[in-house]
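The values are calculated or read from the model by the stated rules, or taken from the named source; none is laboratory data. The structure presented is a predicted model; accordingly, all values stated were derived computationally and were not measured. As a convention, Cβ positions derive from the backbone with ideal geometry for all residues, glycine included, and neighbour counts pool all protein chains shown. We work out accessible area using only protein heavy atoms, side chains counted, and drop any ligands, DNA or RNA first. Shrake-Rupley method; radii C 1.70, N 1.55, O 1.52, S 1.80 Å.
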Amino acid sequence: MFIVRVIPIARNIFKDELSFFSREEIPEGMLVYAPVRGKELPSLVISSTDAREEKSEIRQADFSLKKINPDRMARVLSKAFVESIRDTAAWHGSHESQIMSLLTSHVILNTALRLSFSAAKKETEDTEVRPRSEVLILQAEREERLRTYRNLAREGFARGTSLLVIVPTVIEGERLKKELERGIEERVILIDGDMPAKKLIEAWKRCIESTKPILAIGTAFALSLPRVDIDTVILERESARAYRAIARPRADIRRAAEFFCRRQGARCILADFPVRVETRYRLDIGEAEELSRPQARSGGAGRVEVIDVRGKEVPGKDKSAKRQFRALSPEVMEKIRIETARGGRVAVFAARKGISPLTVCNDCGTPVTDPDTGVPMVLHKSAEGNVFLSHRSGALIPAGVSCRHCGSWNLVSLGIGIERVYDELNKAFPETPVHLFTKDTAPTHTSAKKIAERFYGEKSTIVAGTERMLPYLYEPVEMSVVASVDSLLSLPVWRAHEYALATLFYLREIADLASLVETRKPDHLVMRTLLGGNPYDFYRVDIAEREKYQYPPFSVFVGLSWKGNRQAVEKNREMVAAAFEDVDLVGPLPAITESKNEWSARAVIRLKKGSWPDHALGARLRTLPPDIAVTIDPDEIA
């Protein structure tokens, strides 16, 4: 009999390993199916020892070992990938089981017995960490990046090596496949989690059974592809926020890809325009090298206009009437009218959902807030009329309410939500199709594609959307419009200005004729950088501020956050404060209400650059209760 230790591949298992017994020895690295909580979970074998060598441990154990069937096993994951999982888990203060679940496909794992990669090249045992010079930076706009990818693919095929391109969203993978496969259709393979199971399995089999080098394109789990001839991994649009996992483990896919490359001995190429501030800084300090000379300025042919909307509210019918607030200024409306009249397509972006993100009493200034949580409510449109909605608790209040403080009915909506923009466009252009593109109107990839297809399917059309819309603008438009960049600049995250600049450059690149940005801050650094077209102008100022205040990359933030009822949240606050009193802990901050019976709190551990990962601190983080989430370098720190 043998004692088999495995890593269960599941996000809800908060242990690094589990033990079972088997009548036969099972080699390390094999995938087996372990009985856990009444289910058979795909699990990775990390050791298999003779039970006679562990008699004392077995007698002292307070649980009985369950049996694993050695007849159901397969080798599905490469050694380099498994080693990179350990690196990634250590960096994120997480369990290997959770990271492995994030970066693998359960469709593939559950059909592993038919997908062993024994037909692929023999795996090398050399999984030592390679020099950091293998990290390369490609700062270029999209067309230039595509030309580079084609050249890299041809060079790799000539050497007999494969390439892997990781994309942040499914639609970007589908689009990239169409653009790169001309002439090499049989070698370009797309794998993503949105595929039907049958098609995904077929694509996976093509990847591992092909005896020729391939160009694989996929989302995060494509890193688990067991092709030992992959010598280049490209992270397309590396600044995309989608690379950060929303649910736990809140891992950064870019970091995981880099660890994989170091274990695989492959080049890791970070590609975008512009690249992130942290990425550009790595060039300055020699942690990365240029793949080619960075593109200094945006090469878009369209004009860029920053429109100052201060004082441009529409006057009332008489002098005594209030000035009317508009989401889009008359100047922008006229430009949209001219463009659509000659058959052009216009994409209008707004950062916030709803009609208005804030409503206040015009007499006393009191905002309309959630009765349970106290957070400002957003004005939304519904079938029964306008309502106030709390995005935190889901509470609904009819729009026809009075001020809770003074009883006044004189409520005024402030800020610009995408539904307000959509309503104004519909009223201004009743003969022009206007499409609303948000997470609510396009909750799935299929529904999002349908909206995009309707928009691109005819001329003289307008689409109004939030960040959800951006990846689906897969063809150029004649004009892009930002309804108000100020709400993007004021997001409660410390990287807000960097995110705003990336969004503006993205919209500038897809606009053939004009890119218009409305703002009340025309002299803001982001606006000046956009007009100048050189992202280095922003980088130079931003990196200096980060160094001054010791923000990443000059330090590492370890974010801790938790939710629950008031008593549980307060208990965790006390526990976190006591557990990390020996480190530079900011917080725990006072608890805030999420809904009537749910509260949340957070804290941040600040570490000096180069002191993370820390084995001892990482072990302490992994012993935290499951309801405390750990995020390395989180966006929100207050």
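Below are the figures for this structure:
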{"item": "Selection count where residues are open to solvent by 10 Å² or more (accessible area, probe 1.4 Å) and within 18 Å of the chain's Cα centre (by Cα), scope the stretch 467-487", "result": "5"}
{"item": "Any pair with Cβ under 8 angstrom, 6 or more apart, that starts in the stretch 10-21 at a residue that is touching a residue at least 12 places away in the same chain (Cβ under 8 Å) and ends at one that is open to solvent by 60 Å² or more (accessible area, probe 1.4 Å) and in a strand (DSSP E or B)", "result": "20/66; 20/67; 21/66; 21/67"}
{"item": "Positions within the stretch 442-466 being surrounded by fewer than 19 Cβ atoms within 10 Å (Cβ to Cβ) and of a type outside the set (D, E, K, R), in sequence order", "result": "443, 444, 445, 446, 447, 456, 457, 460"}
{"item": "Failed item in (1) touching a Lys or Arg at 6+ places or on another chain (Cβ under 9 Å); (2) open to solvent by 20 Å² or more (accessible area, probe 1.4 Å); (3) modelled with pLDDT of 95 or more; (4) not charged (D, E, K, R), with residue 219 passing the rest", "result": "(1)"}
{"item": "Any hit, the stretch 180-193, residues being under 21 Å from residue 450 (Cα atoms) and either among the basic types (Lys, Arg) or not in a strand (DSSP E or B) (or both)", "result": "yes"}
{"item": "Residue 528 being free of Cβ contacts under 8 Å to residues at least 12 places away in the same chain, charged (D, E, K, R), within 27 Å of residue 236 (Cα to Cα) and open to solvent by 20 Å² or more (accessible area, probe 1.4 Å)", "result": "yes"}
{"item": "Count - residues of the stretch 248-292 that are within 22 Å of residue 219 (Cβ to Cβ), open to solvent by less than 30 Å² (accessible area, probe 1.4 Å) and assigned to a loop (DSSP other than H, G, I, E, B)", "result": "5"}
{"item": "Boolean, residue 519 is crowded, with 19+ Cβ neighbours inside 10 Å, modelled with pLDDT under 95 and not aliphatic (A, V, I, L, M)", "result": "yes"}
{"item": "Options 21, 81, 14, 2; residue that is aromatic (Phe, Trp, Tyr), within 28 Å of the chain's Cα centre (by Cα) and modelled with pLDDT under 85", "result": "14"}
{"item": "Residue identified as surrounded by fewer than 16 Cβ atoms within 10 Å (Cβ to Cβ), touching a Lys or Arg at 6+ places or on another chain (Cβ under 9 Å) and at pLDDT below 95 among 412, 493", "result": "412"}
{"item": "Per-region count, the stretch 591-623, residues open to solvent by 20 Å² or more (accessible area, probe 1.4 Å) and part of a helix (DSSP H, G or I)", "result": "5"}
{"item": "Residue list for the stretch 225-238, filter: over 26 Å from residue 201 (Cβ atoms) and either in contact with a Phe, Trp or Tyr (Cβ under 8 Å, 6 or more places away or on another chain) or open to solvent by less than 10 Å² (accessible area, probe 1.4 Å) (or both)", "result": "238"}
